[in-house]
Each structure stands twice: as C-alpha cells, then as structure tokens.
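Values quoted throughout were computed directly from the atomic coordinates according to the rules given, and no laboratory measurement underlies them. Everything numeric here is computed off the predicted structure, so don't read it as measured data. When we count neighbours, we look across all protein chains shown, and the Cβ atoms used for this are built from the backbone with ideal geometry, even at glycine.
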Amino acid sequence: MSLDLKPKKWAGALREVTLGAGTRRPVSVGGGNGLPLHAFEAAFPYRPALALEITDVDPVRWVESVRQPWEGVLGQPAEAARRAVTDFGADLLLVHLTGTHADRGNRSPEQAAADVRAVLEAVDVPLIVKGPGAGQKQNAVLARVAEDCRGEGLALHSATNEDYKTLAAVAVAYGHVLVGESPIDVNIAKQLNILLADTNVDLNRALIDPLTGGLGYGLEYSYSVMERIRLAALGGDAMLNCPVVCLVGEETWKAKEARVSADKEPLWGSQRERGIHWEVSTAMTLIEAGAEVVVMRHPEALKRIRKQLDSWFGSDRSHDREGVVRSSFRPTETSGGDSCR
Amino acid sequence: MPLTGLQIFKLLPNTNCKKCGYPTCLTFAMKLAAGKETLEKCPDATPEAKAALGAASAPPIRGVTIGRGERAITVGEETVFFRHEKTFVRHPGLFQIFDPTGLTPAERDAKLDHWRGIHIERAGETFRVDGIAIVETAESVAAVAAAERGFPVAILAATLPGATAVAERIKDHRPLLVPPAGANLEGYCALAARLGIPLVVGAPDLASLADAARDAARAGVADILLEPPGADPRSLHHSLSAIRRGALDRIHPGLGHPVFLRVGAGEIERAVLGITKFASLVALADCGGEAWLPLWTLRQNIYTDPQKPLQMDPGLYAIGEPNDRSPLLVTSNFSLTYFIVSTEAEASGTACHLAVVDAEGLSVLTAWSAGKFSGDRVAKALRQMKAADRVSHHTVIIPGYVPVISGELEDALGDGWHVLVGPQEASDIAPFFRDVWGPLARDFETHP
Amino acid sequence: MPSHPVRFLPSGRSTIAAEGSSILRAAELAGEPVRAECGGRGACGRCLVRILEGQVPEYRVLRRESGFPQVLACLTPVHSPLTVEPLVEAQLPKLVSSDRYIGTEVLSAWAPWPLELAPLVECREPQDLGVALDIGTTTLRLLLIRLSDGVIVGEAGAYNPQIAKGADVISRIIAAEKGGLGELASAIRAAVVSMIVEASAGGFDPARIRGYVVAGNVTMIHLLLGEDPSGIRRVPSQPRALAFPPVDAADLGWPGRGAPVHSVPGAGGWVGGDILAGAVRAGFSRAAETALYVDLGTNGEIVFGNADFALACACSAGPAFEGGGIRCGMRADRGAVDGASINAESGAMELSVIGGGRIRGVCGSGLIALADALFRAGWIDRGGRLTGRVPDERRMAGQWGAAIALSAGKRVALWERDLASLIRAKAAIFAGIRSLVDSLGPGGPSIERAYVSGNFGRYLNLPAAVGIGLLPDIPPGRYGYIDNGSLEGAALSLLSREFRDEIAAYLTRVTYVDLADLAGYMDEFVGASFLPHTSPDLLRMG
C-alpha cells in the first residue's frame, strides 16, 4: 500500500527581515512558507540566525562556567564582540546595556551609544541592542543609540504595547529594525504589531519577541504561543508573520538547575555540562517552535545548535552579489510518495 | 471530523431527564463534544446517536503497555499534532540503555539498584528511570535482574535465538522486543505474537515502515511501536512529523502506533527532538544526571496539559540559606507563579523563606477572587508550616496584588504577627528587599 | 499590641486603631463612610484621604497639597495618632426618577405573547396593589401596580446602598463573610421601604400591597433574604439555593399584612432570576430564531438560545457601564455626559449632557460614545492610549497618567486608566458572547436577534457599541433594546401566573456555562481587549 503523505501548503508565509545595514554585513531571517524545520514540504530561504550576548559592564551574575569562555573580555564590549564573531562564530551579536540600569551602574545614554559604536567598529555583523528594561531610561538610551548609529540597521529591543511610540519613531527615523515584546500571548503580540503598523512602522522591519520561558520555567508557554503565532502567520495573518527572536541565554542561565553545583545536588551531575545542556535544550525546542533568531550565552551551546541546523541547511555560508548572507540550502522536491534516507 | 456540541445535542432525546447526571441534554452534549463523557451515560440514546458518535471515537494512535506492576508504563493514545490543540496525553518513557557485557554480577546489580533508587521531585512529579533497555547478551540474567526490580524492560536484540531466550525468561513481565536495525522481522513478529509481548518495528523508509507494521499486526502482534528512519536530525524530524500526521489523518493503519527512539551517548539534541516531536519511548545510552535532568524537565514541560496548570506542593521553601531573621514571603502554588517569584527572590541575593500556599494551582489574584487566598487560608497554611518557628520577626510579606487580606491575615495569625504588603511585580522584589525590608530588618535588630 | 487614636474630620468620628491596621479599617470601626468599591485592593481610588495630623509611611503618599499628604486609606497603615479627612464624597446621590412607567398597562405593553390578567397574589379589592422590584447590584427599581387592571400607578428608583461595602458582588460577599450580612440585609430592605413610600406618593396606601415579586441576581436575593452568600463565590459556585420559597413581607419589614414576597429563581450561582425574567420577557422561551440577550451591568450576564436550547453565562464586566470604577464616572443622572462626537475636520469635540448644563461626570453610554468617537478621530490608539492627535487644550497629565479634559476648567477628565477599564469591561462582554456561542462548536448558529439591557443611560448608541467591539457586528435591524428586562419580567410574573410558570419551566432548560471552564475564554478576552478587536473578523457573528 503506498503512503500518500500530502505536503501541507499554506496561504501565508513569514516576512523576510534583514538585520544590519550601512557598514554591516546584512543577515536576513524568515521568509519560510511552512512549519518550522519542515523542509520536506516547504521552502526556507534563510536559516535561523544565532547570536551571542555581550554586555557593556561585567555581568557579575553570570555563573562561573559561562564566564569562563569569555575570560578577559567580560565587560569590554569591543573585545567580547571580536571573540564572539571570530572565535565563536556568532552570526549576530546582542549588546546588552545592563550597565545603564539605575541599580547597576546607571551609565548614561551617551556612554551606551559609545559602547555600541565601539562594537560596530570592532565587527561587521548585525547588532541587536537591548536596553535596561522598560521605562523612561530605556527610551532615552535606545533613542540615543539609534541616533548615533543611524543607518546601521540595529534591532532595537524592545517596544511593548504600553510603551512603543518612542522606539517606533526612532526606528523609522534612523533606519533600524524594531523588536516588539509581548508577555507570552498571541493576541498581545498581534496587538503590538497592529499598533506599530498604525504608527507607520514597516513590519518588514520588525521582529516578535514573545518572551522566552526557559526550560523548567515556562518553556512550554513560549513553545505553544510560538506554534500558534506560526500557524496564524501561515494562515495569512499579516500582523503575526514577523520572524520570532528568543533570548535563550538570559532566561536559561537564571535557572537553579543550570547553576547549582553537583556538590549540592549529586544526582544532578556536572554543573558545567548540565548548564550547557539546559541552554541547548531550550534553544533547540524553541527553534522547533519557530525561533528565527536565537540569542545565546555559552559559545559551546551555540556551536552545538549550529551543528544541528547544518543538518537542515548545510554548512556552507556563501554571499551572493548583494552581500546578503544566504545558506546553501535549497528545498528538495517532494512528491506524493515519501522517502527519507 | 469530530461532532460539535450542537450537532450532538440534536441527536439526544432533549428531555432533560438528568439520568446522565447533567442538568440538561445540552450540557451533556457539550461534555461529549469535549471528549469528557461517554454516550453510555444516556440510557435513552438512539441507535443513530450511538452510530454517529462511535465512528468518531476510536483513538488514531493505539495505546501500548510495557512492564507490569507499579512501574508499568503505557504510551500512545495521542490525538493532536500541536499540544495547544488540546494536550499531549501520555508522556514518553525514558529508558536507560544498559550493556552488562564485562560486568560482574555485583557491578551489574549495583548499577540497577542505583538506577532504581533515583528519584528527583519537581513541581509535584517524581522523575525516575522509567525502564531499562538491555543490550542482549549470551545470558539473560541482566534482563531478569532488571525485571525483578520492577523495571519495565526493553530487549535490544542482537540475534533472534538470543532474543527468544531472554524474552521467554521474562515474558510475564511484558518486555518490549526491539529487533536489530535492518533485521528480517518475520521471526520477531512470530515471537512477539506467540508470547503476547509488544514489538518494535523498523524500516529504512516510511512506506516500508507502515507496511511492516501492518504486516506485524496481521501476524498477530497486538502491540507495536514504530522505529522511525532517520539518523540525522533533519531526517528524523521528517519521519517523526510524518508519522504523527499520518496517524492523525488516518492515512495508513500501520502508522497508528506509538514511536520508539534510540539515542546514543551524548546525543542530547536527538533526545530533545524525540521528546518534543512525539516519541513515546526514548532509550538513552548511558549518561549522567546532567543529561537526564534537562530531558526529564523538558518532558514535564511539553507534556503538561495546557489547560491544567502545574501545581507546586504547598510548604515552606528556602531561597538561598535563610535564617530566622530572613524575610518571609507568601505566594500561591501555581507553578509558574512560584518559579517567577523564586527566581527573582534568588536573583535578589537576599536569602528568604517562601511560603507556598495551596491555592489549587491558581495565580494569586485569581485565587483571591475564588476565596482560595484569603487571610484565613493563608494563616492556616502558615500555622501548618510552623512558620512562627522559622522567623523571629513574625512578619509576613504578602503579594502586592492582594493588600486587602492584610487585616484578616493579621487577625487570623494573632500573636503579634505583622503583615507587610509587598510589591506587585516579582521583578520589584529586589528593590523591595533593599528599600523596605532592609530598614525594617535593621529596626528589628535594634528593637526586637 | 500598641494602638492609636484616629479621628475623622469634619464629622468628628473617632476610634482606637491597632498598630499597623489600615486607615480604612479605622474608618469602618468609627462608622465613617469611606467607600471601598474595589473591596480595599487599592484599585478604585475612592478611599483617598488627606492626613491632617500624624505620620504615614512615605511610600504610601500619593501626593502632597499644602504640605498635607494624601494616601489611600485601604493601603495605609496606622503607625501613630492620626487626624484624617476623607476626600471622596461617600454619600450616594439620590437617583432621579423619570416617572416614565406610570400609566403603563403592563400586559399589553410588555407581554411577549398574549397573557391574561391572573395575578400571582390574591386581589380582593379594586385598590389592591402589588410590587415588582428589580434589585440590581448598582441600582434598585420599584413599580407599584394596581392588581385589578395591571396598570402601574407608582415608581421609584434608588442606588443600592450596599455599594458602600463594595461596588461588585464579590466584595459584598466578602463583607458578608466578615460579619456584615445583617447590615447588608437591613440596608437593602430599608431602601425598598423608602422606595415604597416614594412610589405611593400619588395617594396610594402601602397597606394595600398584597404581594411582591423580586428579581435580582443570586447574590442580591441571598443578601435580601439574609441568606449566607459565601458559597456563591466558591469554585464551583454553591449558592444556598437557586429558588427560595416566598417569605412574609413583615419578616423583611415591608408593608402588606401577610403579603408574600416571591423571588424569581436563578439558573446558577451567576445567572439569576433577573436575567431569566428578562430573557423570557424578550420571548426567548418561545422563539424559533436564535437570540442573544446581554445585560450590560456589573455581572455581564448573557443568554443565547431559542425555544429549543438556552445557554447562559456571566462575564464579570465590572461596574464601568454604570459609571463605577471610573474616575469621572457617574450614574446616568443630571450632569452626566451621555453622548459624544468629534468633528472630523475641525477636531472639535461635542458632548451631550443629561439635563444640559454643567458637566459633572460621564455615564455608561457616554463612555461608550466617547471611546468610539476618540478612536474614530484617532485621538486614542487601539489600546486606548492617547495619541499625538489630541489637541493641546484638551490634553492633561497627572498622577494617573494622561487624560482628555471634558469640562471647561478641566475638572472632569477622561483618564487613560478609565479607557483601560472600559476596554476591559467591553472585552469581558464580547469574549463572553463569543465563547458562549462558540462553545456549541465551530460553525454554530448565528445571532438572529439581539437584546441589550442595562442601566448605563437612557439609550444605547448602538453604532458606537459595535464600533468599539462591545457588541457583535450583525445587521443593526436585529438589535432590540430592553430598558429593564428584569423589572419588566418581575411585573409580568406578578400579573400572570402563566408567565411565572414559563420562567420556572425555562429555567430547567438553561445550561449554565462557567467561562472559567472554557479553555478559550481568557484568549478571547485578551483578543477583545483592543479597539475594536485584535482580529476584527471575529466581530461578525450574523
């Protein structure tokens, strides 16, 4: 008896969003017309992009096993950036301006902008810039960064339903991409995109951050919301088909299970391995749910995820004449029968 | 296509006789539509109703039980592709692959006892090694040892005669028979059918796999697991997705079985793929707790019913190493609330006590409006936890969303207890400790 | 345990308050009327007080005026002797009656099918009277009816005095649990007596009252009869009973020797006799068309069905439609804004005010009209927040965020928080409607007729209500407005045994749906928390 597994065809597709412009070597994400990783029945012009997180000040809360590969460059954004790109192979960087938070250094918007410029000079990959958290300071910091780094196509993290107008304005004015953040809710994610579109943000220059729950700490909520977002996008909803970005590193390394030493919990095994498995499992699971940009902390975890993705997308990364980075992946033709070797 | 509540209602007698235990036929119809009831409860259901409802109800993926006794595990009976459509039903078994070659009996038993002794509590669930997948060796004692310890056993066969010997010895323990890759299945089917034990069926491509499963069923094997083709992540993902979709869409009867997956040493990502993408039994080569813990946790997350929040066990939890002067926070036992509060409390750097009150898994505000987070209830819980013995300051910090319970809570606690209204957002716990608790704690030091 | 004297000015009431207890508790002990409409959660702002003497924690101070701190009484602990001045008018204004029912012949005006005059209570003489009563969570309405011909001879209205213990049902249940049941029962019974006196003012004798029919939600009936309501808010809801036998009017302190007080039975803890009376009054029990009945009140009850089936739910909309919980909110009284429009070219805003004259606040229908007008003019975004289009002279900012001034002198303003409350209320209702209809399964029946009831104003601006996504988008001709279905149903029950029996039979067919059990409800609620909706396709239900 033959197996008639019809490929599923959808009315909609993800938007293609290009990160980085100006002096950046651009990276595009999105554009797929099927469920995540369903290469057997859909086309995916770009592979998920992997980013590493670097910080403006020494991240004292990072557990030792994560600090260790960054030894010598923690809190030095330009040096950390070089190591992240050259040694660790990050496609993108997330510059986390934790030092601008009132309790952690209270660095000024000018200082923040100087840090981001230093990174721009050090490497040519696109940047995501994350502020100190929702509030007036974040708007001031990101607005200043946006202005001083105009035209570089930064992804500004982040706008929310309650506070989006400032960032929407600077993203449009200075040629950046805007990340819209919503609290693990499909409707709120959609509402934010509608509000952004109403204020003339081009959704082809927007990403969705649905908020990541780390493994054991809400992962399944993010997972299901992301699956529903993807289904809506494929069903033709033009307000939900922006690519999704997940801040995996930040969330997973908060978990007690990623940090506690085996001395305290012998059954839990080696903390170093366990923490990396924790980050890898979260990242892999969310890529299956549709993450198109994944921000990580441990370079070994990033390497392992890259290797997984190579299975779908191949390991060559060649540039075409416009300078857009494309993977060498081309979808295979599928017919009614099925073969899987 | 399942029938809607209204469609079912039109098939019922519409007498509201209440014999089914529901106040109206419509209520009963809605429960039937949601899959929460069976038509048998209606003594007056017509043959037409029975026919219409019967066809829609046989599960697309059969259930299979492996092992016997307290640790027996049942897998399968899944009905959806996406967990948010309803829920995933039976979480996959995670088996330890065990090759006893070269081990002395004492060493072998020590390993089995160690695995049997593992249990880790998390959010109301006990993680343990669900079963042992024994690499078939010349003698079958290891399999017997595992089975006698109550473990469900999977026999990773090398040869048909070898597998037969082992299977016959432990057939009463309902072991799973796993033929080697590429084997001719005929003999294994006959063995499984004769002994009445479940069998894994594998094939190099999906069409052959479906046919092989169908043939096994015809040969009298009642319980089948499918082993999907695909060594690399992309192929495996394809097989797993196609099998689940094919089963739900009833494309081929051979696809309607649970899935078995073998994972080599260190292949965490392959196990992740299996757990998220519908495998029902994953056999993992030897790895330590650093791999098991994330995989158990992932399984717990993915297989949580989206409509039933996980609940923490009520009790007094220590964040960091608190002493009798550390602050005491109270919150509800909705696991996400607990995780968020405990994470922020830990990140604050201030050790504290976290009293988790049984609020039936509801978040704080929801619990309060349902009367499950009242001052009386919280006081009773704190008394049961003997909170008074743990903190000398007799002050409890309540979530900022329910300041209204403070008076009632103080009254109910008596004994000079103070109630402090804490922040509304967990992320404000650290500033709260610094700006509000800090000065108060200093006051307690000087004016006990 | 230390304690401190607390004194309230200008009333002079005082008490001794325990160290650390809230100022609100001190007010309760002192008998000082301070409103706690949110039940003391710090959400409604109605307990704002000025501290004239004494110390309060700095982190509770909302602002200072002339050096005197202002705090919320419910959240602020007593740590020293205090002199306190309440800032929000705690006394309820008198509800102005409109005399619009007097002279109506009930059966010919309101009967959904021909009904014969057959009063539920014995009519011995031509001047014998009956009372139909609607006890709403917020407003009470009473009709005095001549039993011999079924004509309304007197009417009265009042605000439910229980509001002082809480604007919503949950707060009142909690107040009852804390020992306030007796007080809540007496308050409402006394209010009814006042209304009887007022309604009899046209020369009628209350001693002639032969019987009462009371319609109200399940909690209101419990409180009236002095029954413990605490089981109602349990999950699942467990009221003491859904149908109570008639009690003697004298037991409630009401006139009419031996006059029975009947209450219309409910169908579930959250769907009471008021709604059932209204639905049967609208013809639901006999109609072939599938119809929707929505009560735009605090409890947001909804009924959907026809002669063959009936589903009901309650969606906890909150008091926004009756002006509650809104800074500028008020009942539909003189001085209330009840309509609004914004000229597309000139940008000028025009407001209609009940009774003309000075603007004192905004009632429910005014809120709906404003939200719609502001949204269409682009003065607010889909989340209800002010945009740059708001003219400078109307824009305000204060401790509650941004606002749009409504009155000259900016005394009355519509705050972003108020719009958020309205959006939440309308989302609860629309999500309830959607969830209820969808609970029958996909491809369910469409809404062929719809009735809207409530105390939000004299009329409902239907295009505005649909425009903001409060009510479904169906052909406008399918909508009907019932002023007070509960009151009308109570009157019909009083005058027709057949109608009363029809309600009792209908109630056995009503399937109560607990929205908390419906997996999709929260999702629908968030989706509807947007103007007009996150996915506007979902508004079309015709």
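Counting partner chain Cβ atoms within 10 Å of every residue's Cβ in B:399-407, what's the average?
Details: counts 0, 3, 3, 3, 9, 13, 3, 8, 11.
Mean shielding count: 6.
Determine the sum of side-chain charges near residue A:249: Lys and Arg each +1, Asp and Glu each -1, restricted to other residues whose C-beta is under 14 angstrom from that of residue A:249. Don't skip to the end; give the middle numbers.
Details: positive: A:61, A:67, A:130, A:254, A:259, A:297, A:303, A:304; negative: A:53, A:209, A:250, A:251, A:279, A:300.
Result for the neighbourhood of residue A:249: +2.
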- Query: What are the ³J(HN,Hα) values, in whole Hz, obtained from phi via the Karplus relation 6.51 cos²θ - 1.76 cosθ + 1.60 with θ = phi - 60°, for each residue of region B:264-280 in sequence order, with x given for Gly and Pro?
  - Reply: x, 4, x, 8, 4, 4, 5, 5, 4, 4, x, 5, 6, 10, 6, 5, 9
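Placing +1 at every Lys and Arg Cβ and -1 at every Asp and Glu Cβ, with all other atoms neutral, what dipole size does region B:178-245 have around its Cα centre, in debye to the nearest 20?
On the way: 6 positive and 7 negative charges, 39 e Å.
Around 180 debye, computed over region B:178-245.
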- Task: Among the listed pairs A:190/B:308; A:254/A:307; A:165/A:190, give every one whose C-alpha distance is greater than 20 Å.
- Result: A:190/B:308; A:254/A:307
- Summing +1 per Lys or Arg and -1 per Asp or Glu among the other residues with Cβ less than 14 Å from residue A:23's Cβ gives 0
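Tell me the trypsin sites (Lys or Arg not before Pro) within region A:225-291 that lie in a loop according to DSSP and have at most 14 other beta-carbon atoms within 10 Å. Intermediate results must be reported in sequence, preceding the final value.
Details: sites: A:228, A:230, A:254, A:256, A:259, A:264, A:272, A:274; in loops: A:254, A:264.
Qualifying residues, ordered by number: A:264.
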- Could you line up C:535, B:326 from fewest to most neighbouring Cβ atoms inside 10 Å? C:535, B:326
- Query: Among the chymotrypsin sites (Phe, Trp or Tyr not before Pro) within region C:505-542, which fall in a DSSP loop and have no more than 14 other Cβ atoms within 10 Å of their own Cβ?
  - Reply: none
- Query: What is the distance in Å between the Cα centres of region C:301-337 and region A:224-274?
  - Reply: 42
- Query: What lysines sit close enough to residue B:171 to cross-link, taking a C-alpha to C-alpha distance under 25 Å and skipping anything fewer than 8 places away on the same chain?
  - Reply: B:111
- Query: Out of C:265, C:299, C:504, whose Cα points farthest toward the positive end of the dipole of chain C (charges: +1 Lys, Arg; -1 Asp, Glu; placed on Cβ)?
  - Reply: C:299
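Taking a ≥ b ≥ c as the square roots of the eigenvalues of the Cα gyration tensor of chain B, is the shape rounded (a/c under 1.5), prolate (a/b larger than b/c) or oblate? Could the numbers behind the result be given before it?
On the way: a/c = 2.68, a/b = 1.48, b/c = 1.80.
Oblate, since a/c reaches 1.5 and b/c is not below a/b.
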- Under a plain spin-label model, where a point goes 7 Å from the Cα along Cα-to-Cβ, how far apart in nm are residue A:121 and residue C:66? 6.0
- For the charge dipole of region C:3-86, defined by +1 on Lys and Arg C-beta atoms and -1 on Asp and Glu C-beta atoms about the Cα centroid, which residue among C:36, C:55, C:79 has the Cα displaced farthest towards the positive pole? C:36
- Item | Cross-link pairs B:31/C:426; B:372/C:426; B:19/B:50 - those with Cα-Cα distance over 25 Å | B:31/C:426; B:372/C:426
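Per the Kirkwood definition applied to all pairs of different Cα atoms, how many angstroms is the hydrodynamic radius of the protein assembly as shown? Walk me through the numbers before you get to the answer.
Working: mean 1/r = 0.0291 Å⁻¹.
That comes to 34.4 Å for the protein assembly as shown.
Test of understanding: what is the full-extension gain from residue B:58 to residue B:158, defined as 0.36 nm times their sequence separation minus their Cα-Cα distance? Could you put the intermediate results ahead of the total?
Details: separation 100, 0.36 × 100 = 36.00 nm, distance 3.57 nm.
Computed gain between residue B:58 and residue B:158 is 32.4 nm.
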- Query: Taking chain A, how much of its Cα-Cα pair set, in percent, is spaced more than 36 angstrom apart?
  - Reply: 16
- Task: Per residue of region A:56-73, in order, report the coupling 6.51 cos²θ - 1.76 cosθ + 1.60 (Karplus, θ = phi - 60°) as ³J(HN,Hα) in whole Hz, putting x for Gly and Pro.
- Result: 7, 10, 4, x, 4, 7, 5, 5, 3, 5, 8, 5, 4, x, 9, 3, x, 10
- Query: Near the amide H of residue C:3, under 5 Å away, which other amide H atoms are found, from residues 5 or more places off or on another chain, if H is placed in the peptide plane?
  - Reply: C:19
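Suppose every K and R has +1 on its Cβ and every D and E has -1 on its Cβ; what is the size of the dipole of region B:5-55 about the Cα centre, in Debye to the nearest 20?
Working: 7 positive and 4 negative charges, 28 e Å.
Roughly 140 debye for region B:5-55.
Can you check what the Kirkwood hydrodynamic radius comes to for region C:312-455, Cα pairs only, in Å to one decimal? Working shown, then result.
On the way: mean 1/r = 0.0617 Å⁻¹.
Hydrodynamic radius (Kirkwood, Cα pairs) of region C:312-455 is 16.2 Å.
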- Residue exposure sequence - C:435, C:66, C:194 - by fewest surrounding Cβ within 10 Å: C:66, C:194, C:435
- Item | In nm, spacing of pseudo-spin labels at residue A:198 and residue A:43 (7 Å Cα→C-beta vector) | 3.6
- Query: What FRET efficiency do you get for residue A:256 and residue A:4 if R0 is 56 Å and r is their Cβ-Cβ distance, rounded to the nearest 0.05?
  - Reply: 0.70
- Note on the structure: Sorted by chain and then number, the residues having a modelled amide H within less than 5 Å of the amide H of residue B:223, at least 5 places away or on another chain, are B:199
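Test of understanding: ordering A:62, C:270, C:113 by Cβ neighbours within 10 Å, fewest first, what list do you get?
Working: A:62 20, C:270 27, C:113 10.
In increasing order of surrounding Cβ atoms, one gets C:113, A:62, C:270.
Around residue B:154, under 12 Å between beta carbons, what's the net of Lys plus Arg minus Asp minus Glu among the other residues? Intermediate values should be presented prior to the final figure.
Values: positive: B:174, B:262; negative: B:130, B:136, B:227.
Local net charge: -1.
Of the trypsin sites (Lys or Arg not before Pro) in region C:214-321, which ones lie in a loop per DSSP and count no more than 16 other C-beta atoms within 10 Å?
On the way: sites: C:233, C:234, C:240, C:257, C:281, C:286; in loops: C:234, C:240, C:257.
Within region C:214-321, the qualifying trypsin sites (Lys or Arg not before Pro) (loop, at most 16 other Cβ atoms within 10 Å) are C:234, C:240, C:257.
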- When the charge dipole of chain C is computed with +1 on Lys and Arg Cβ and -1 on Asp and Glu Cβ about the Cα centre, the Cα farthest towards its positive end, among C:143, C:400, C:486, belongs to C:400
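Let me know the charge dipole size of region B:315-446 about its Cα centre in debye, to the nearest 20, where only the beta-carbon of Lys, Arg (+1) and Asp, Glu (-1) is charged. Present the calculation step by step, with values, prior to reporting the outcome.
On the way: 9 positive and 17 negative charges, 39 e Å.
Dipole of region B:315-446, to the nearest 20 debye: 180 debye.
What does the helix-only formula give at 222 nm for the protein assembly as shown: each DSSP H stretch with n ≥ 4 adding -39500 (n - 2.57), the total divided by the residues, and the result rounded to the nearest 500 deg cm²/dmol? Intermediate values should be presented prior to the final figure.
On the way: 41 runs with 419 residues, N = 1331.
Rounded to the nearest 500, it is -9500 deg cm²/dmol.
Below 8 Å between Cα atoms, with a sequence gap of 6+, how large is the relative contact order for region C:3-86 in percent?
Values: 184 pairs, mean separation 32.4, N = 84.
The normalised contact order for region C:3-86 reaches 39 percent.
Taking square-rooted eigenvalues a ≥ b ≥ c of the alpha carbon gyration tensor, is region C:3-86 rounded, prolate or oblate, where a/c under 1.5 means rounded and, failing that, a/b exceeding b/c means prolate? Show your work: numbers first, answer last.
On the way: a/c = 1.28, a/b = 1.05, b/c = 1.22.
Rounded, since a/c falls under 1.5.
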- Hey, how many Å between the Cα centroid of region B:239-281 and the Cα centroid of region C:128-149? 67
- Message: Within 10 Å of each Cβ in A:211-217, how many Cβ atoms from other chains are there, averaged over the peptide?
- Response: 5
- Item | Gyration tensor (alpha-carbon) shape descriptor, chain C, a/c threshold 1.5 | oblate
- Convex hull per residue volume in Å³, alpha carbons only, for region C:106-271: 109
- Note, region B:315-328: 3J(HN,Hα) by Karplus (6.51, -1.76, 1.60, θ = phi - 60°), whole Hz, Gly/Pro = x, goes x, 9, 9, 9, 9, x, 10, x, 10, 6, 9, 6, x, 10
- Query: Antiparallel DSSP bridges in chain B: what percent, to the nearest 5?
  - Reply: 25
- Task: Could you list which residues have their amide H under 5 Å from that of residue A:153, counting only those 5 or more apart in sequence or on another chain, with H placed in the peptide plane?
- Result: A:21
- Return the whole-Å distance between the Cα centroid of region B:350-366 and the Cα centroid of region A:141-181. 37
